[in-house]
Each structure stands twice: as C-alpha cells, then as structure tokens.
Amino acid sequence: QVQLVEFGGGLVQAGGSLRLSCVASGRTFSWSAIAWFRQAPGKAREFVSAITSTGTRTDYSDSVNGRFTISRDNGKNTVFLQMNSLKPEDTAIYYCAAGEGAGSSSWKGAYNYWGQGTQVTVSS
C-alpha cells in the first residue's frame, strides 16, 4: 500500500513557477508509476503528467507539454512536478496518484492510490 501527500501549492502570478512535491510512504513506491492529475472548479479531473517506476518514461498532456517537468527520486520516495510559465487556466487542485504497473498511463483507473491534493492558483 502507498500513502501520498502533496506539497508546494500556492498563489502565483501568471508567468511564474511552482514546484509540487508528492511524498510517498509504503514499500511499493519504487515499483509504482506516479501521475499528476488536476481538477478545476466545475470540471472533471484531468491528466497532467506521469512517470514510470524507473523514471525512464514520462508523458504530458498537450496543455502542459513544454512548460511542466515531472521527475522522481526513489531514494527519497518523492515525485516532483516543476511548473513553469504558469497560466490562469492552470488553476486547479493538483493530485498525485500511484499505480503499480501503470506505466505512464493517462487513465485515472490505472492508479490505485491518491493524495488529498494541493491548491494551485494562478492570477492574471
């Protein structure tokens, strides 16, 4: 089993940067793919980015590709999401999720464990 806690959300002006962290506990973290999803008010939860268990493959949604970078440090049980050139439309609650064997899937159903989320607000 994996427990996930997100850190690093906050309020930033458009064009600014934030770095989110997802800290995991549990023996299976290093075997798990990790993804970031986000949910804006009144909208469905959507895929942002994912990284495989070994970090050899990453994937991004079209809306963040080129601006966001996902990485992981298995020694510290942590996954990072570096967010640059933020836009007001990036405002949402950001969730990290873990799934054994998920690869770098963008499908919510591939992930078994979810954090509580961290709020990111980008002002114009």
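The values are calculated or read from the model by the stated rules, or taken from the named source; none is laboratory data. Being a predicted model, the structure only gives us computed values, none of them experimental. No Cβ is skipped: glycine too gets one built from the backbone with ideal geometry, and neighbour counts run over all protein chains shown. When the accessible area is computed, the model is the full protein with side chains, heavy atoms only, and any ligands, DNA or RNA have been set aside. Shrake-Rupley method; radii C 1.70, N 1.55, O 1.52, S 1.80 Å.
A few points about this structure:
- Relative to the current alpha-carbon distance between residue 40 and residue 100, full extension at 0.36 nm per residue lengthens the span by 19.0 nm.
- Per residue accessible area of the chain, 1.4 Å probe, in Å²: 49 Å²
- Expressed in Å, the radius of gyration and Dmax of the Cα atoms of region 45-124 are 12.5, 39.
- For region 89-105, Karplus couplings with θ = phi - 60° (6.51, -1.76, 1.60), whole Hz, Gly/Pro x: 6, 7, 4, 4, 8, 9, 10, 9, 9, 10, x, 6, x, 7, x, 10, 5
- Using θ = phi - 60° and Karplus 6.51 cos²θ - 1.76 cosθ + 1.60, couplings along region 3-13 (whole Hz; Gly, Pro as x): 10, 10, 9, 9, 9, x, x, x, 9, 9, 7
- Each other residue within a Cβ distance under 12 Å of residue 89 adds +1 if Lys or Arg and -1 if Asp or Glu, for a net charge of +2.
- Residue-wise HN-Hα coupling along region 107-124, computed from phi with Karplus coefficients 6.51, -1.76, 1.60 (Hz; x: Gly, Pro): 8, 4, x, 7, 10, 8, 10, 9, x, 7, x, 9, 7, 10, 10, 10, 8, 8
- Each 10 Å bin from zero holds the following percent of Cα-Cα pairs in region 1-99: 16, 51, 28, 5.
- Cβ-defined net charge surrounding residue 63, 11 Å radius [Lys, Arg +1; Asp, Glu -1]: -1
- Amide proton proximity set for residue 16, modelled H, under 5 Å, gap of 5+: 86
- The Cβ shell under 14 Å around residue 39 holds other residues with a net charge of 0, Lys and Arg each +1, Asp and Glu each -1.
- In region 1-95, trypsin sites (Lys or Arg not before Pro) in a DSSP loop with at most 13 other beta-carbon atoms within 10 Å: 27, 43, 57
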